[in-house]
Structures are given as C-alpha cells and as structure tokens.
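**Student:** Here you go, one structure.
We did not get these values from a lab; they are worked out from the coordinates using the rules stated. Keep in mind that this is a model prediction, so the values were computed, not measured. For neighbour counting, all protein chains shown are included, and Cβ atoms are generated from backbone atoms with ideal geometry for every residue, glycine included.
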C-alpha cells in the first residue's frame, strides 16, 4: 500500500473520493436538485459573507447548548437518585418507559400548544426528549457506584458536595461522556425540528425556507456547515475533556 | 487515675438477614467494653466473627443494631435504644471523636493523586499547616505525591491509606486488618510507623486482626472474640514493654507463654 503508515493520507484520499463521487453524481443528475460541490461552496461563502449562516447556526447552537445543559442537569440528578434508591426506581420505572417512547414530535407539538410558540417551549421540548435517555444511562452508572468509597467518605465526614464532586461524578464520568455524545447527536437533530415547527430563525427554520424555495444548494451548504460545527465540538471540546478525566486510568 | 472514658460499646445483638441460611444470623452478641484515651486495643478473632461488623457499628457506618455506642469526649450515656430507629440518638455526632479509618483495602480514590487523596479529608487550615509534607516524608512517599494510586504497589497504597488516617489527627484510629498480605519486611516497617505515631500522638487505637503475633506486637490490651456469634471471651492487657517486643527471642517466649496461659486464643486461625 502506498499510504501505509500515513493515516492522514488515507483520510485525504477518502475525502477527495467522496467529493469526486459527489461531483460525478451531480454531473449525471439535474444539478438543480443535486448541486455540485463548487456551487454549494459558492452558496456557503455568500451566506457567510451576508452573515446569515453564522446568525442562524448561532441561534441553533444556543438552543442546543441550553436544552443540553437543562437535560443533563435534570437527567443526572434523577438518574443518580434512581440508581441509588431501589424503591424509587421501581416506582418510576414505568414512567420512564412511557417518556422514553413518546415520539419527539408529540412533545414538540404539545409544548408549543401548551406554552405557545416561544423560546421556552422550544427548549423545554428538546430537553424533555433527551432527559429519559440521560436518566437511563446515568442510572446504570449510579447502580455501579462503589460502596467502599461512600463508607470512606462517611468515616472521614466528607461533605455532600465533596462526595458528589470527588466520589460520585468521577465514577459516573464514562457514563457522562456516553450520554454527552449521544445527547449532542440527538439534541441538535431535535432542535432543527423544533425550529422548523415554531421558530423564526435557526438552521431548522432556514432549511424549511429553502425547502419551500426548492433551494437544494443552500440546504447542502447549511448541512455541511452544521456538521462541521458539531465535529469541532467533538474534537475541540469533548475529546480533550475525555482525555483529561481519564488521565488516572492506566 | 482519672482518664476520660472515650469509647463505650454496648452491643446487645447484631443480626444479619441471610438468604443462604434461611433467616437471621446473629453476628454479634453481648459485646461490651470501654476504652480509655490512648489505649491500643487489638481485636483478635477468627474469620467471620463479626470484627469488621463491629468496626462498622462503632464508626457509625452501620446503624442497625441493638444497643448503644458512645463516642463522646465526655461520659454521656443513658441512650440505650432497642431498635434501629433511634440510631440517630445512639450515634450523636456532636462533640464526637475524630476517627481515622484504615480499611482492609486502601480505598484511595483512583482518580485522584496521592496528594489529592490526602487533601480530600483535610480542612484548609490543616492543609496549610504543612501536615501533608510531614506525613509524606514520614512514610517515604514524597516522590509519589503526584502519582495515581493504581501506579503504586499495594504496600505503598496501604501507606497512603495509613497516613490519610493519621492526617486528620484522629482521637480514635480504627484499623481493619490493614496489613494483611504484605511481605514480612513491609509489615514490620508499617508496624513501626504505626507504633511511632501512636507513641507520639497517643490516639486510641482499635486494631482488628486474626494474627496473634501481630496483636501481641502492637496492643496494649487484647480483646479476643469467639466465632459467630462474636462475643468477647477474653479481655486482657498485654504486659510486655514495647522495646522488648522488638527483641525476637523475648517476644517469641512471651507469645508462647501468653498462649499457654490463655488457652482461649488457641482456637483462632
């Protein structure tokens, strides 16, 4: 193999061939419903120049972050409690099953109907969709918490805050990372739907607009830009955090 | 001599629910003793006689028992609850002694370095007093202050666990077979670290072991437990000076004589 030992080379080749296939398909079909890479790039740059793309991605990211923080905070709290208390877990298990299986669309519609077409409703709808998943993952982690460390904490009279920060959260960290990953992936997709149904800005709103205008090139441009942003979050934020918190593992 | 009673234990019964033996298992029965400030008590008993359970009760980790434990700095009894519901009263934490617990497994937080594990149990003032440096030096662990526990040998982890208990300057040191499965050299060394600490700071010590030699090497007083249900069958001072315990012939002769005079301890092992 020419590229042996060069993972960068392989990645580059893979990327270039993807572009090539895209280009060839675009040549073959009508370019209006499947625009070639260069057209998309042009649209992308135009949109950036107008400041439109940044604005809408910014709006969407804000919703992603807000609902993510909300869902994680509530989900982690409830997850820990259910993981530790068997009786509460038994009681709420059926509730959890119910919420897990409510389609995202239903939650979104109901939130808009009950709370109006406001930001709060949008954020809440996304969070409610994610919370049951967070609970399930964190509950699993909380069930596996090591009793020994709690006894140690008790005999040395460590405060509740210290126990949470130094003993519970580090043990939950693999579960937290898992739920963060799957959370981001899930949440940004739901945010787009929320925007499509009841907001007047954000990537979801824009996509809806382009759909009505039959502007496929813009849809491609927004998708690419957004995927890029999510990748930056993954490599620039999540992976460094993960490396940091798993430093102690041999 | 008017020493303050520090620890009073009066356990009528401690029951475990057992699935294998269909029903209840009495782990401890009629365990009554008091310890003066500065005593080094070794609790000697066969495996499964409830030694660890006893420590968990005394330190308040296990509040479900019949009886009362008092850890007050002054004598204050009369709270003799009959069931687990008034365990709060039985174990009031005000005015309570500071307890340094050395567990059978070191129980260090693996995601914290040696130094961070020590800082965890200390107040800001204690940290500023420089006690961490002092203790790390005494245990020859200075070079490992930024090391994670998993990178240390088990002997070193035990040493960290030991100085963690020392670091809070405990009134009562509670130790649950802290030196099992160490090689002889390391065991001797840690015995010395412990005795040095005890002789300078003079905390009360509760030390659980199932080895008669270890007990006689360390204790100023010995409590021997029967097998289940655990109860005290012998409560006796160890009358051999500490320098003499370091002389092998003298110590060996003492152990032999002690075993002959107290046949109760032969059943252990």
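**Student:** Measure nothing but the geometry: give the 0 to 90° angle between the long axis through the Cα atoms of A:7-28 and the longest principal axis through the Cα atoms of chain A, rounded to 10°.
**Tutor:** Tilt relative to chain A: about 50 degrees.
**Student:** Also: Please find the FRET efficiency linking residue A:233 to residue A:143, where r is the Cβ-Cβ separation and R0 is fixed at 25 Å, and quote it to the nearest 0.05. Let's see the in-between values first.
**Tutor:** Values: r = 29 Å, r/R0 = 1.17.
According to the calculation, E is roughly 0.30.
**Student:** For the residue pair residue A:85 and residue A:19, what label-to-label distance in nm results when each label sits 7 Å from Cα along the Cα-to-beta-carbon direction?
**Tutor:** For residue A:85 paired with residue A:19, the spin-label model returns 5.7 nm.
**Student:** How much of the DSSP bridge set in the protein assembly as shown is antiparallel, in percent, rounded to the nearest 5?
**Tutor:** Counting only bridges with both partners in the protein assembly as shown, antiparallel ones make up about 55 percent.
**Student:** Between residue A:189 and residue B:169, how many nm apart are label points set 7 Å from Cα along the C-beta direction?
**Tutor:** Simple spin-label model gives 5.9 nm for this pair.
**Student:** Continuing with this model, one more query. Under the classification rounded if a/c is under 1.5, otherwise prolate if a/b is larger than b/c and oblate if not, where does the protein assembly as shown fall, given a ≥ b ≥ c as square roots of the Cα gyration tensor eigenvalues?
**Tutor:** Details: a/c = 3.35, a/b = 2.33, b/c = 1.44.
Here the protein assembly as shown falls in the prolate category.
**Student:** Give the order of A:210, B:179, A:118 when sorted by the count of other beta carbons within 10 angstrom, beginning with the fewest.
**Tutor:** Working: A:210 18, B:179 23, A:118 13.
Lowest count first: A:118, A:210, B:179.
**Student:** Taking neighbour Cβ counts within 10 Å as the exposure measure, how do A:156, A:211 sort from fewest upward?
**Tutor:** So the residues, fewest neighbours to most, are A:211, A:156.
**Student:** Compute the label zone of residue B:37 within region B:204-220: residues whose backbone N is under 19 Å from the point 7 Å along Cα-to-Cβ.
**Tutor:** B:204-206, B:220
**Student:** Using alpha carbon centroids, what distance separates region A:103-144 and region B:127-188, in Å?
**Tutor:** Taking the Cα centre of each part, region A:103-144 and region B:127-188 sit 48 Å apart.
**Student:** Using a Förster distance of 35 angstrom, determine the FRET efficiency expected from the C-beta separation of residue B:234 and residue B:12, and round it to 0.05. It would help to have the intermediate numbers written out before the result.
**Tutor:** Values: r = 20 Å, r/R0 = 0.57.
For R0 = 35 Å, the calculated efficiency reads 0.95.
**Student:** Oh, and also: For chain B, modelled as a GNM with alpha-carbon contacts under 10 angstrom, which of B:171, B:235, B:183 fluctuates the most?
**Tutor:** Judging by the Gaussian network model, the answer is B:183.
**Student:** Using a Gaussian network model of chain A whose springs link C-alpha atoms within less than 10 Å, name the residue from A:14, A:94, A:47 with the highest mean-square fluctuation.
**Tutor:** Result for chain A, Cα springs under 10 Å: A:14 fluctuates most.
**Student:** Could you work out [θ]222 nm for the protein assembly as shown from helices alone, using -39500 (n - 2.57) per DSSP H run of at least four and dividing by all its residues? Round to the nearest 500 deg cm²/dmol.
**Tutor:** Details: 21 runs with 286 residues, N = 519.
Theoretical 222 nm ellipticity from helices: -17500 deg cm²/dmol.
**Student:** If you average the sequence gap of Cα pairs under 8 Å that are 6 or more apart and divide by the length of chain B, what percent do you get for the contact order? Write out the running numbers ahead of the final one.
**Tutor:** On the way: 470 pairs, mean separation 68.6, N = 269.
Once normalised by length, the contact order is 26 percent.
**Student:** Just check region A:1-115 against the gyration tensor rule for me: Cα atoms, a ≥ b ≥ c as the square roots of the eigenvalues, rounded for a/c under 1.5, and otherwise prolate or oblate depending on whether a/b exceeds b/c.
**Tutor:** Judged from the Cα gyration tensor, region A:1-115 comes out prolate (a/c at least 1.5, a/b above b/c).
**Student:** At R0 = 30 Å, how high is the FRET efficiency between residue A:249 and residue A:119 if r is their beta carbon distance? Nearest 0.05 is fine. All intermediate terms of the calculation are to be shown ahead of the outcome.
**Tutor:** Numbers: r = 41 Å, r/R0 = 1.36.
The pair residue A:249/residue A:119 has a calculated efficiency of 0.15.
**Student:** Label-point separation (nm) for residue A:212 and residue B:128, each offset 7 Å from Cα along Cα-to-Cβ?
**Tutor:** Once both label points are built, they end up 6.5 nm from each other.
**Student:** Now for a different question. For chain B, set up a Gaussian network in which alpha carbons nearer than 10 Å are linked by springs, and say which option among B:56, B:117, B:246 fluctuates the most.
**Tutor:** B:246
**Student:** Indicate the gyration tensor shape class of region A:1-69 (rounded, prolate or oblate), computed on the Cα atoms with a ≥ b ≥ c the square roots of the eigenvalues: a/c under 1.5 is rounded; otherwise a/b larger than b/c is prolate and the rest oblate. Walk me through the numbers before you get to the answer.
**Tutor:** Details: a/c = 2.68, a/b = 1.35, b/c = 1.99.
Cα axes put region A:1-69 in the oblate bin.
**Student:** Between region A:1-60 and region B:30-53, what's the alpha-carbon centroid distance in Å?
**Tutor:** Cα centroid to Cα centroid, the span is 74 Å.
**Student:** What is the order of B:113, B:147, A:161, fewest Cβ neighbours within 10 Å to most?
**Tutor:** Working: B:113 20, B:147 16, A:161 8.
Least to most surrounded, the residues fall as A:161, B:147, B:113.
**Student:** Using alpha carbons only, how many angstrom separate the centre of region A:191-250 from the centre of region B:201-228?
**Tutor:** 64 Å
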